[in-house]
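The block underneath contains the structure these notes are about, expressed in structure tokens.
Where a number appears in this text, it was derived from the coordinates with a stated rule and is not lab data. Note that the coordinates shown come from a computational prediction; the quantities given were computed from them, not determined experimentally. Because the Cβ atoms are built from the backbone with ideal geometry, glycine has one as well, and the counts that use them run over all protein chains shown.
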Amino acid sequence: MKKGLIALIVVVVLALGLYNWAVGFNNTAVEHEANAKTAWSNVESAYQRRNDLIGNLVKTVQGAADFERGTLTDVIEARSKATSVNIDANNLTPEAMAKFQQAQSGLTGALSKLMVVVERYPELKANQNFLELQSQLEGTENRINVERNRFNEKVNVYDIHTTKFPGKLLAGMFGFKEMARYKSDDGSENAVDVELDFN
């Protein structure tokens, strides 16, 4: 009877230990996942600020006489596409991230082209409203980069927690999946080819 009681106590202690370990793993994973989702919301917020600024920039540029309409149309269409692609924080899959990133990259390219074309319009370059919007856009681009890096850091903490052994065993049972990170744009490792026209 004494041996049976000791065996029962050992089983109970082991069960409690496993239970506490599982609960601790789950709660920490939930916290890391929530932090990553919050960081993603901050990324989206930074992109939203850029979209809002671009709207104001387009209105300012439209006022310039004889401004290249094709370039402006490209920016408007790219902005529309970028704002139509959203990701639910519960669906941060590599496919969803790639689609979001592609739309944002299209807008970045159209905006870069617009800024190059603006160089041909001295009245725009002297417009105080335009200069302020341009400065705010530059600051927002930096903020976007900072927020993307923070998001990747939070995802990294979450992924390490859920993929390291023995936590990986519980991650699948509790439904925790690896999160996608924000990656650099395709071709960003190549130097930008800049053509200068001094004529």
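Here are the numbers:
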| quantity | calculated |
| --- | --- |
| Hits in the range 121-144 - residues which are surrounded by 15 or more Cβ atoms within 10 Å (Cβ to Cβ) and among the hydrophobic types (A, V, I, L, M, F, W, C) | 124, 130, 133, 137, 144 |
| Count - residues of the range 145-169 that are closer than 24 Å to residue 20 by Cα, touching a residue at least 40 places away in the same chain (Cβ under 8 Å) and surrounded by fewer than 18 Cβ atoms within 10 Å (Cβ to Cβ) | 1 |
| Qualifying position, being polar (S, T, N, Q), in a helix (DSSP H, G or I), under 30 Å from residue 166 (Cβ atoms) and under 13 Å from the mean Cα position of the chain (by Cα), among 38, 28 | 38 |
| Lone qualifier among 129, 145 - being in contact with a Ser or Thr (Cβ under 7 Å, 6 or more places away or on another chain) and either more than 30 Å from residue 25 (Cα to Cα) or not hydroxyl-bearing (Ser, Thr, Tyr) (or both) | 129 |
| Qualifying residue in the range 77-92 (condition: loosely packed, with under 14 Cβ neighbours inside 10 Å and touching a helix residue (DSSP H, G or I) at 6+ places or on another chain (Cβ under 6 Å)) | no |
